[in-house]
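A short write-up of the structure that comes next.
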Amino acid sequence: MPKCIHCLEEVEKLWIKNKYELYILQKCDKCGEIADKYIEYTFFLVLMNLILVDIPAYRHCLYNRWVNDDQNEA
């Protein structure tokens, strides 16, 4: 199950798809922040944040990097 990169709370979904086929990032119920902003980022932007030792970027790679549409729907 995916986790919030700010507070490590498990979230039901990282994004939802609306009727126009647009993805809407979901907020964490516990901290109110967007659960994982890095799912929109390219690999190189995430890599740059990893080099700068950005803790949420590491959490994204550990917990949410391999979440796909099927797992997001669960």
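Listed here are the residues, each with its yes/no results for (1) in contact with a strand residue (DSSP E or B) (Cβ under 7 Å, 6 or more places away or on another chain); (2) of a type in the set (A, V, I, L, M).
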{"position": "Ile5", "(1), (2)": "no, yes"}
{"position": "Glu21", "(1), (2)": "no, no"}
{"position": "Gln26", "(1), (2)": "yes, no"}
{"position": "Tyr41", "(1), (2)": "no, no"}
{"position": "Ile55", "(1), (2)": "no, yes"}
{"position": "Tyr58", "(1), (2)": "no, no"}
{"position": "Trp66", "(1), (2)": "no, no"}
(message) Can you find, within the range 44-74, the residue that is modelled with the highest pLDDT among those that are part of a loop (DSSP other than H, G, I, E, B), aliphatic (A, V, I, L, M) and on the phi < 0 side of the Ramachandran plot?
(response) Leu52
(message) If I ask for residues that are part of a loop (DSSP other than H, G, I, E, B) and within 18 Å of Tyr58 (Cα to Cα), which ones from the range 7-27 would you list?
(response) Cys7, Leu8, Glu9, Val11, Leu14
(request) Answer yes if at least one residue in the range 32-43 is out of contact with any Phe, Trp or Tyr (no Cβ under 8 Å at 6 or more places or on another chain), of a type in the set (Val, Ile, Thr), in a loop (DSSP other than H, G, I, E, B) and surrounded by 13 or more Cβ atoms within 10 Å (Cβ to Cβ), and no otherwise. (result) no
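The values are calculated or read from the model by the stated rules, or taken from the named source; none is laboratory data. Remember, predicted model here, so these are calculated numbers, not experimental data. Note that each Cβ is placed from the backbone with ideal geometry, even for glycine, and that neighbours are counted across all protein chains shown.
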